[in-house]
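Asks: Below is the structure I would like to discuss, written out as structure tokens.
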Amino acid sequence: MSNATSGMNEADNTDPSERFLCLHEIVEAAEQALSENIWNYLRGATETETTMKRNRQALDSVAFRPRVLNDMREVAVGGRLLGKDLALPVLLAPVGSLESFEPGGGKTAMRAAAEFGNALMLSNVGTIPIEDVAAEAEGLLISALYKRGDDGWLDEQVQRAKDAKCFAVSLTVDSAYYSRRERDIAARFVKPWRAGSGADWQAALNWKDVERFKEKYDIPLILKGIATAEDAVMAVERGVDVVYVSNHGGRQLDHGRGSLDVLPEVVDAVAGRAEIVVDGSIQRGTDLVKAIALGANAVGMGRLFCCGLAAAGDAGVVRTLSLLRDEVRTAVALLGVNSLSEVGARHVHAASPVAEPDVFSAFPLIGLYPS
């Protein structure tokens with residue numbers, strides 16, 4: 001790992017498609033590229049980090065039920081969200097201050113999303129304006145907002161999103177209070193992107209704001225941070241277009257449930273009235289397939305996407321998505337279906353985890369084959 005004050009290491013100019021043959025190699029490269037504070041911010045979670053570990057445990061508690069003797073020469077792994085085609089049903093999840101992982105931040109991520117054919121959810125907690133990100137590459141973009149002002153402020157943000165040709169706006173709803181992230185606190189790391197954040201507006205966010213949004217704006221609305229069937233029902237009753245199941249990567253409420261454990265009750269509650277996205281330790285192709293099998297339309301990917309960004313910029317993100325796609329295609333084919341969209345509950349079964357869960361426990365080979 002680089003020194004905490006030294007920033008990012010000098011870039012390795014090797015083509016990422018040649019340099020990285022496995023996803024864990026991208027995680028290793030990211031750790032080497034980032035300062036200690038930013039690496040710990042990326043991998044850390046709240047207090048005991050129980051929710052984060054349960055995200056991984058929930059995924060590891062699902063096994064597959066494969067079928068055999070089908071012609072598997074053609075396997076499709078694309079997806080759709082809100083009428084937009086995705087090369088893989090993955091959203092690059094909103095992350096505060098992407099510039100901390102790579103200087104171009106959202107602009108670099110936008111180039112990667114456009115090249116691969118996926119959508120970027122751009123957080124407004126960053127220094128690069130959405131207009132500059134949208135101008136960087138022609139691709140699928142979602143404005144992901146923490147509320148930082150009154151109704152007039154939100155009106156302005158939505159108009160900026162529409163001007164930037166975003167196809168949806170996301171409101172983060174699980175962050176009324178900023179949690180105690182003890183890795184950062186213990187290191188005395190004060191995140192510069194949180195200065196003057198206007199967090200009182202986020203604390204005041206409520207269902208009336210959602211109702212006003214749906215009455216006033218003609219752009220699809222995503223609520224990110226739904227963790228119960230009850231709130232999913234409240235969302236669809238107010239016309240929310242996408243229910244995004246998330247516990248903020250275990251970075252908000254400690255001792256919450258794993259996102260994949262929450263997903264089935266949300267799917268039942270939504271009952272087809274909205275589309276569904278889920279995140280929470282989605283790091284392998286099999287993770288994505290499990291989420292689709294249990295009813296999600298797409299998944300969000302945060303930490304792994306940031307590893308790709310830190311490891312090799314836009315090319316690193318594209319390589320991350322490419323390796324993930326290879327894993328998804330293999331899993332779908334070995335389940336015996338010709339399309340990811342055909343995967344369903346009949347292909348999964350409850351099982352006992354075989355590994356102790358942690359933030360990157362999906363990659364047991366980390367550190368075993370140093371480059």
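Asks: If I go through the stretch 281-300 residue by residue, how many of them are closer than 22 Å to P94 by Cβ and either of a type in the set (V, I, T) or surrounded by 24 or more Cβ atoms within 10 Å (Cβ to Cβ) (or both)?
Replies: Selection size over the stretch 281-300: 11.
Asks: Can you name the condition, by its number, that E327 falls short on among (1) surrounded by 24 or more Cβ atoms within 10 Å (Cβ to Cβ); (2) over 13 Å from S17 (Cβ atoms); (3) under 18 Å from the mean Cα position of the chain (by Cα)?
Replies: Failed condition: (1).
Asks: Consider the stretch 238-248. How many of its residues are open to solvent by 10 Å² or more (accessible area, probe 1.4 Å) and farther than 25 Å from D150 by Cβ?
Replies: Looking only at that region, the number is 1.
Asks: Could you please let me know if V332 is farther than 28 Å from R251 by Cα, crowded, with 24+ Cβ neighbours inside 10 Å and of a type in the set (A, V, I, L, M)?
Replies: yes
Asks: Quick check on G149: is it under 21 Å from the mean Cα position of the chain (by Cα) and of a type outside the set (D, E)?
Replies: No.
Asks: Take the residues in the stretch 203-231 that are within 22 Å of G44 (Cα to Cα) and without any contact (Cβ under 8 Å) to a residue 60 or more places away in the chain; name whichever of them is surrounded by the fewest Cβ atoms within 10 Å (Cβ to Cβ). Please lay out each step first, then the result.
Replies: Step one: filter the stretch 203-231 for residues within 22 Å of G44 (Cα to Cα), giving 224-227.
Subsequent filtering for residues that are without any contact (Cβ under 8 Å) to a residue 60 or more places away in the chain retains 225-227.
Numbers: G225: 20, I226: 30, A227: 24.
Among those residues, the one meeting the criterion is G225.
Asks: Give the number of residues within the stretch 188-198 that are exposed (fewer than 14 other Cβ atoms within 10 Å of the Cβ) and assigned to a loop (DSSP other than H, G, I, E, B).
Replies: Within the stretch 188-198, residues that are exposed (fewer than 14 other Cβ atoms within 10 Å of the Cβ) and assigned to a loop (DSSP other than H, G, I, E, B) number 5.
Asks: Of the residues V354, V348, V270, V337, which is over 28 Å from L141 (Cα atoms), touching a strand residue (DSSP E or B) at 6+ places or on another chain (Cβ under 6 Å) and surrounded by fewer than 24 Cβ atoms within 10 Å (Cβ to Cβ)?
Replies: Numbers: V354 fails: touching a strand residue (DSSP E or B) at 6+ places or on another chain (Cβ under 6 Å); V270 fails: over 28 Å from L141 (Cα atoms); V337 fails: touching a strand residue (DSSP E or B) at 6+ places or on another chain (Cβ under 6 Å).
Matching residue, one of V354, V348, V270, V337: V348.
Asks: Tally time: how many residues in the stretch 145-180 are in contact (Cβ under 8 Å) with a residue 24 or more places away in the chain, farther than 18 Å from K224 by Cβ and not hydrophobic (A, V, I, L, M, F, W, C)?
Replies: 9
Asks: Moving on. If I filter the stretch 301-319 for residues that are open to solvent by less than 10 Å² (accessible area, probe 1.4 Å), in contact (Cβ under 8 Å) with a residue 12 or more places away in the chain, part of a loop (DSSP other than H, G, I, E, B) and not β-branched (V, I, T), do I get at least one hit?
Replies: no
Asks: Sticking with this one: Look through the stretch 152-167, keep the residues that are of a type in the set (A, V, I, L, M) and assigned to a helix (DSSP H, G or I), and return whichever of them is nearest to the chain's Cα centre (by Cα).
Replies: Only one residue fits best here, namely A161.
Asks: If a residue has to be open to solvent by 10 Å² or more (accessible area, probe 1.4 Å) and either of a type in the set (S, T, N, Q) or part of a loop (DSSP other than H, G, I, E, B) (or both) to count, how many in the stretch 117-132 make the cut?
Replies: Residues in the stretch 117-132 being open to solvent by 10 Å² or more (accessible area, probe 1.4 Å) and either of a type in the set (S, T, N, Q) or part of a loop (DSSP other than H, G, I, E, B) (or both): 8 in total.
Asks: Going by the conditions given, is A114 under 25 Å from D287 (Cβ atoms), open to solvent by 20 Å² or more (accessible area, probe 1.4 Å) and part of a helix (DSSP H, G or I)?
Replies: yes
Rundown of residues vs (1) modelled with pLDDT under 95; (2) closer than 24 Å to D314 by Cβ, yes/no style:
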| residue | (1), (2) |
| --- | --- |
| M1 | yes, yes |
| S6 | yes, yes |
| L21 | no, yes |
| E25 | no, yes |
| E28 | no, yes |
| W39 | no, yes |
| K53 | no, no |
| Q57 | no, no |
| R67 | no, no |
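Asks: Do any strands (runs of 3 or more DSSP E) entirely within the stretch 7-87 hold 1 or more residues that are over 26 Å from S352 (Cα atoms) and either open to solvent by 40 Å² or more (accessible area, probe 1.4 Å) or free of Cβ contacts under 8 Å to residues at least 24 places away in the same chain (or both), and if so, which?
Replies: Here the list reads 79-81, 84-86.
Asks: Among (1) on the phi > 0 side of the Ramachandran plot; (2) open to solvent by 70 Å² or more (accessible area, probe 1.4 Å); (3) not basic (K, R), which single condition is S97 missing?
Replies: Of everything listed in (1) on the phi > 0 side of the Ramachandran plot; (2) open to solvent by 70 Å² or more (accessible area, probe 1.4 Å); (3) not basic (K, R), S97 misses just condition (2).
Asks: Test of understanding: among I130, I142, which residue is touching a residue at least 40 places away in the same chain (Cβ under 8 Å) and in contact with a Cys (Cβ under 8 Å, 6 or more places away or on another chain)?
Replies: After ruling out the rest, the residue left standing is I142.
Asks: Under 7 Å between Cβ atoms, which residue pairs at least 6 apart in sequence (or on different chains) link something in the stretch 107-119 that is free of Cβ contacts under 8 Å to residues at least 60 places away in the same chain with a partner that is of a type in the set (K, R) and surrounded by fewer than 24 Cβ atoms within 10 Å (Cβ to Cβ)?
Replies: A119/K84
The values are calculated or read from the model by the stated rules, or taken from the named source; none is laboratory data. It should be emphasised that the depicted structure is a prediction, and the values quoted were computed from it without experimental measurement. For neighbour counting, all protein chains shown are included, and Cβ atoms are generated from backbone atoms with ideal geometry for every residue, glycine included. These area figures cover heavy atoms from the full protein model, side chains too; ligands, DNA and RNA do not enter into them. Shrake-Rupley method; radii C 1.70, N 1.55, O 1.52, S 1.80 Å.
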